[in-house]
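One structure is given below, encoded as structure tokens.
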Amino acid sequence: MIWDELEPGLARLAADGLQRRRRTLDSPCGPTAVVDGRSRVAFCSNDYLGLAHHPAIVAAAQTAAARWGVGSGASHVVSGHLRPHAELEERLAAFVGRERALYFTTGYMANLAIAPALLERNDAIFADKLNHASLIDAALLARAEHLRYPHCDVDALASRLQRSQARRKLILTDAVFSMDGDLAPLPELFELAERYDAWLVVDDAHGFGVLGPGGQGSIAHCGLPPSPRLILMGTLGKAAGVSGAFVAGDQRVIEWLMQRARPYIFTTASSPMIAAALLASLELIAAGDERRAHLRHLIARWQAGSRDLPWQALPSATAIQPLVIGGNDAAVSLAERLWAHGLWVPAIRPPTVPVGSARLRITLSAAHSAAQVDSLITALHACARDERA
Ligand SMILES: *Cc1c(COP(=O)(O)O)cnc(C)c1O
């Protein structure tokens with residue numbers, strides 16, 4: 001039967017240590033999570049500023065639900081584009097200093113929208129090897145040539161661009177890499193985009209709200225100019241604490257996406273309540289210097305405390321602080337020992353990261369206390385001692 005391969009396939013995933021397991025939380029997203037009736041300190045979420053459960057955002061959503069209802073009822077291009085969506089797009093564009101912004105239901109969909117709308121066969125995408133899965137899928141969907149360059153290797157990218165005969169070129173990169181926490185060389189990438197007349201599409205899922213003046217993100221952090229060729233994608237389910245994403249850029253680019261991008265056109269607009277929640281979130285992000293300073297303090301504290309662990313803490317200046325363990329089973333077993341210590345840290349395995357580099361992906365949030373970060377450091381040292389014994 002057609003389903004006969006599934007059971008052996010699932011058994012293989014389990015045998016390879018690649019089975020994914022979901023845990024059901026009985027608490028909102030925050031620095032502690034209640035699972036199976038017990039509380040754990042969680043270093044899993046991408047809620048970098050601790051806004052996911054902020055009372056002002058909750059209140060904005062409640063008020064908007066009463067005023068605008070819950071469902072939008074149609075896609076944006078039919079009748080689902082309500083006043084909160086329109087206001088949100090205006091505020092997002094102003095926030096990142098670009099001409100116009102388009103709001104999407106998820107970041108995955110926003111990424112699937114951009115490259116396929118701008119490219120055709122005989123065009124080429126130049127993508128960092130460690131790009132997020134949604135950017136890889138976008139390249140597949142675009143049907144253009146997909147050239148992947150070694151992680152952050154500007155020289156390799158330059159020679160690929162130079163050799164390319166493609167009619168249109170598009171450079172595609174994460175700004176902050178989601179499993180390593182490092183920053184793409186954005187000024188160099190921009191310069192190459194200028195030199196080879198390419199689009200530069202930057203996915204700022206992990207920089208928006210966290211980096212740059214006022215949390216404007218990685219582009220502002222690196223001081224890139226607002227060129228028409230520079231297209232910014234930001235997600236709103238991470239530091240912004242809600243859900244959705246936006247693409248911001250030149251007026252013509254955004255109009256083209258609105259006219260042509262299938263993941264924009266052929267889906268129901270997200271709830272106006274979400275747009276209203278995001279308007280409240282944007283205000284908190286703009287006024288969030290204290291949250292960002294506390295987050296930076298926690299990052300420094302973790303880095304000092306993790307220095308002499310027997311595992312490699314990657315040099316990341318962002319909220320994503322990976323600890324590379326190596327094998328899948330070793331990473332999972334360490335995560336299980338931390339769980340027994342009352343700590344929840346996710347083990348990330350292939351294909352999300354390269355084979356042999358399974359890791360703990362520790363994410364810090366402004367909602368964590370210094371004591372909670374210390375408890376993680378102490379537990380990891382205890383695990384390291386157990387391993388040596
Ligand atoms: C999370 C993430 C996305 C997807 O965004 P969602 O809003 O969660 O769909 C895209 N790109 C990167 C780099 C991400 O980390």
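Out of 274, 325, 299, 320, one residue alone is in the same structural domain as residue 43 (by TED's automatic domain parsing) and within 15 Å of the ligand (Cβ to nearest atom). It is 320.
Checking 128, 180 one by one, the residue that is of a type in the set (D, E, K, R), in contact with a Phe, Trp or Tyr (Cβ under 7 Å, 6 or more places away or on another chain) and outside the structural domain of residue 364 (by TED's automatic domain parsing) is 128 and no other. If I filter the range 296-314 for residues that are crowded, with 21+ Cβ neighbours inside 10 Å, within 29 Å of residue 109 (Cβ to Cβ), in contact (Cβ under 8 Å) with a residue 12 or more places away in the chain and out of contact with any Gly (no Cβ under 7 Å at 6 or more places or on another chain), do I get at least one hit? Within the range 296-314 (the criterion being crowded, with 21+ Cβ neighbours inside 10 Å, within 29 Å of residue 109 (Cβ to Cβ), in contact (Cβ under 8 Å) with a residue 12 or more places away in the chain and out of contact with any Gly (no Cβ under 7 Å at 6 or more places or on another chain)), the answer is no, since none of the residues qualifies. If I filter the range 302-318 for residues that are within 23 Å of residue 40 (Cβ to Cβ), in a loop (DSSP other than H, G, I, E, B) and not hydroxyl-bearing (Ser, Thr, Tyr), do I get at least one hit? Yes, the range 302-318 contains a residue that is within 23 Å of residue 40 (Cβ to Cβ), in a loop (DSSP other than H, G, I, E, B) and not hydroxyl-bearing (Ser, Thr, Tyr).
Somewhere in the range 5-18, is a residue within 25 Å of the chain's Cα centre (by Cα) and in a loop (DSSP other than H, G, I, E, B)?
Taking the range 5-18 first, the residues within 25 Å of the chain's Cα centre (by Cα) are 17-18.
Narrowing further to those that are in a loop (DSSP other than H, G, I, E, B): 17-18.
Within the range 5-18, one or more residues are within 25 Å of the chain's Cα centre (by Cα) and in a loop (DSSP other than H, G, I, E, B).
Restricting to the range 206-231, and then to whatever is closer than 30 Å to residue 28 by Cα and of a type in the set (A, V, I, L, M, F, W, C), can you tell me which residue is surrounded by the fewest Cβ atoms within 10 Å (Cβ to Cβ)? Before you say what the answer is, go through the steps one by one.
Looking only at the range 206-231, we keep the residues that are closer than 30 Å to residue 28 by Cα, and these are 206-218.
Retained after the next criterion (residues that are of a type in the set (A, V, I, L, M, F, W, C)): 208, 210-211.
On the way: 208: 33, 210: 28, 211: 24.
Among them, the one singled out is 211.
Counting only helices (runs of 4 or more DSSP H) that sit wholly inside the range 51-143, those with at least 1 residues that are farther than 30 Å from residue 160 by Cα are 55-68, 83-96. Apart from one condition, residue 141 fits all of (1) touching a helix residue (DSSP H, G or I) at 6+ places or on another chain (Cβ under 6 Å); (2) surrounded by 19 or more Cβ atoms within 10 Å (Cβ to Cβ); the exception is (2).
Of everything in the range 319-361 that is basic (Lys, Arg) and outside any strand (DSSP E or B), the residue that is modelled with the highest pLDDT is 337.
Among the residues making up the range 175-192, a single one is assigned to a loop (DSSP other than H, G, I, E, B), surrounded by fewer than 24 Cβ atoms within 10 Å (Cβ to Cβ) and without any contact (Cβ under 8 Å) to a residue 60 or more places away in the chain: 185.
Please go through the range 361-374 and pick out each residue that is in contact with a Pro (Cβ under 9 Å, 6 or more places away or on another chain), of a type in the set (A, V, I, L, M) and farther than 10 Å from residue 44 by Cβ.
Kept after step one, since they are in contact with a Pro (Cβ under 9 Å, 6 or more places away or on another chain), are these residues of the range 361-374: 361-363, 365, 367-369, 372.
Keeping just the survivors that are of a type in the set (A, V, I, L, M) gives 362, 367.
The one that is in contact with a Pro (Cβ under 9 Å, 6 or more places away or on another chain), of a type in the set (A, V, I, L, M) and farther than 10 Å from residue 44 by Cβ: 367.
Considering only residues that are surrounded by fewer than 19 Cβ atoms within 10 Å (Cβ to Cβ) and either among the hydrophobic types (A, V, I, L, M, F, W, C) or within 11 Å of the ligand (Cβ to nearest atom) (or both), which ones fall in the range 110-138? If the condition is that a residue be surrounded by fewer than 19 Cβ atoms within 10 Å (Cβ to Cβ) and either among the hydrophobic types (A, V, I, L, M, F, W, C) or within 11 Å of the ligand (Cβ to nearest atom) (or both), then 133, 136, 137 are the ones that fit.
Which members of the range 193-207 meet the condition of being more than 16 Å from the ligand (Cβ to nearest atom) and over 13 Å from residue 227 (Cβ atoms)?
First, pick out the residues of the range 193-207 that are more than 16 Å from the ligand (Cβ to nearest atom): 193-199.
Of everything in the range 193-207, just one residue is more than 16 Å from the ligand (Cβ to nearest atom) and over 13 Å from residue 227 (Cβ atoms), namely 196.
Can you name the residue in the range 28-68 that is basic (Lys, Arg) and farther than 30 Å from residue 177 by Cα and is also surrounded by the most Cβ atoms within 10 Å (Cβ to Cβ) among such residues? So, considering only residues that are basic (Lys, Arg) and farther than 30 Å from residue 177 by Cα, the one surrounded by the most Cβ atoms within 10 Å (Cβ to Cβ) is 67.
The values are calculated or read from the model by the stated rules, or taken from the named source; none is laboratory data. The model shown is predicted, which means the values in this text are computed figures rather than measured ones. With ideal geometry, Cβ positions are generated from the backbone for all residues, glycine too; neighbour counts draw on all protein chains shown.
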